[in-house]
1. Under 7 Å between Cβ atoms, which residue pairs at least 6 apart in sequence (or on different chains) link something in the stretch 35-51 that is farther than 17 Å from Cys195 by Cβ and in contact (Cβ under 8 Å) with a residue 24 or more places away in the chain with a partner that is surrounded by fewer than 20 Cβ atoms within 10 Å (Cβ to Cβ) and among the β-branched types (Val, Ile, Thr)?
2. How about the stretch 154-190: which of its residues are of a type in the set (Gly, Ala, Ser), surrounded by 16 or more Cβ atoms within 10 Å (Cβ to Cβ) and over 16 Å from Ile133 (Cα atoms)?
3. Based on this model, can you work out whether Leu122 counts as of a type outside the set (Gly, Ala, Ser) and more than 15 Å from the chain's Cα centre (by Cα)?
4. Among the residues of the stretch 100-110, is there at least one that is acidic (Asp, Glu), over 27 Å from Glu190 (Cα atoms) and out of contact with any helix residue (DSSP H, G or I) (no Cβ under 6 Å at 6 or more places or on another chain)?
5. Return yes or no: is Lys77 touching an Asp or Glu at 6+ places or on another chain (Cβ under 8 Å) and surrounded by fewer than 21 Cβ atoms within 10 Å (Cβ to Cβ)?
6. Regarding the stretch 82-90, can at least one residue be identified that is surrounded by fewer than 21 Cβ atoms within 10 Å (Cβ to Cβ), free of Cβ contacts under 8 Å to residues at least 60 places away in the same chain and more than 25 Å from Gly147 (Cβ to Cβ)?
7. If Ala21 satisfies every condition in (1) among the hydrophobic types (A, V, I, L, M, F, W, C); (2) more than 21 Å from Tyr144 (Cβ to Cβ); (3) in contact (Cβ under 8 Å) with a residue 40 or more places away in the chain; (4) loosely packed, with under 14 Cβ neighbours inside 10 Å but one, which is the exception?
8. Tell me which residues, restricted to the stretch 147-190, are assigned to a loop (DSSP other than H, G, I, E, B), free of Cβ contacts under 8 Å to residues at least 40 places away in the same chain and closer than 25 Å to Arg30 by Cα.
Amino acid sequence: MAGQIADASPKAVLRREILAARDALAPAARTKASAKISQQLLALDAWKNARTVLVYLTFGSEFDTAALLERAAAAGKTICLPRVDRTARRLEIHAVANLADDVQAGVWGIREPRPACPPVALDAIEFVLVPGIAFTPRCERLGYGGGYYDALISRFAQRPPLVAAAFALQLRDNIPLSARDRSIDLVVTEDAAYCGC
């Protein structure tokens, strides 16, 4: 048989299903939902009190982090972004002073900090916005499959608040999980917030 056989594992099937639904969101609906999610994130005490925040740059049809990053810069927060180290198979965290000049296309085309941006120690980070594909109301998380964020979460000696921003369509009652999958503390959608504690 020609070509590759599609991965039929429960995780892969769910990833394809949710990515297709997320990609099908109309741009106006995605913008409106992202604005509602941003308002909720900005109102969190964990966000307001954090001086150093780890956020990701939006890729594809993800929640749009632009407004959150803009407000972080305006508030004088130290903005950190993840950089993929493929050799070590881990995320390295760097501070960025200028989101226009300090980022470049990285692995898989995802924008990340330039290598010259200063590294940041994990114990300095006081808030983490965690990406993902699917979540439960119990704050279980299904990522993109590389395990980078699960490994990052495990590296924190003292875990900061771990928060996900997701569209309501990314929420499921149950998701397939493995032993290495790490839960987070809060999932914020355009409709509600779910606390895993």
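1. Listed by first residue and then by second, the contacts come to Arg51/Thr78.
2. Of everything in the stretch 154-190, nothing turns out to be of a type in the set (Gly, Ala, Ser), surrounded by 16 or more Cβ atoms within 10 Å (Cβ to Cβ) and over 16 Å from Ile133 (Cα atoms).
3. yes
4. From the stretch 100-110, those acidic (Asp, Glu) are 101-102; that's our starting set.
Among the residues that remain, those that are also over 27 Å from Glu190 (Cα atoms) are: 101-102.
Going one step further and asking which of them are out of contact with any helix residue (DSSP H, G or I) (no Cβ under 6 Å at 6 or more places or on another chain), we end up with 101-102.
Within the stretch 100-110, one or more residues are acidic (Asp, Glu), over 27 Å from Glu190 (Cα atoms) and out of contact with any helix residue (DSSP H, G or I) (no Cβ under 6 Å at 6 or more places or on another chain).
5. Values: touching an Asp or Glu at 6+ places or on another chain (Cβ under 8 Å): no; surrounded by fewer than 21 Cβ atoms within 10 Å (Cβ to Cβ): yes.
Here the answer is no, as Lys77 does not meet what is asked.
6. No, there is no match, as no residue in the stretch 82-90 is surrounded by fewer than 21 Cβ atoms within 10 Å (Cβ to Cβ), free of Cβ contacts under 8 Å to residues at least 60 places away in the same chain and more than 25 Å from Gly147 (Cβ to Cβ).
7. Here Ala21 meets the rest and fails (2).
8. Asp173, Asn174 - these are the residues of the stretch 147-190 that are assigned to a loop (DSSP other than H, G, I, E, B), free of Cβ contacts under 8 Å to residues at least 40 places away in the same chain and closer than 25 Å to Arg30 by Cα.
Each reported figure results from applying straightforward, stated rules to the coordinates on display, with no laboratory input. Keep in mind that what you see is a predicted model, and the values were worked out from it rather than measured. Backbone-built Cβ (ideal geometry, glycine too); neighbour counts: all protein chains shown.
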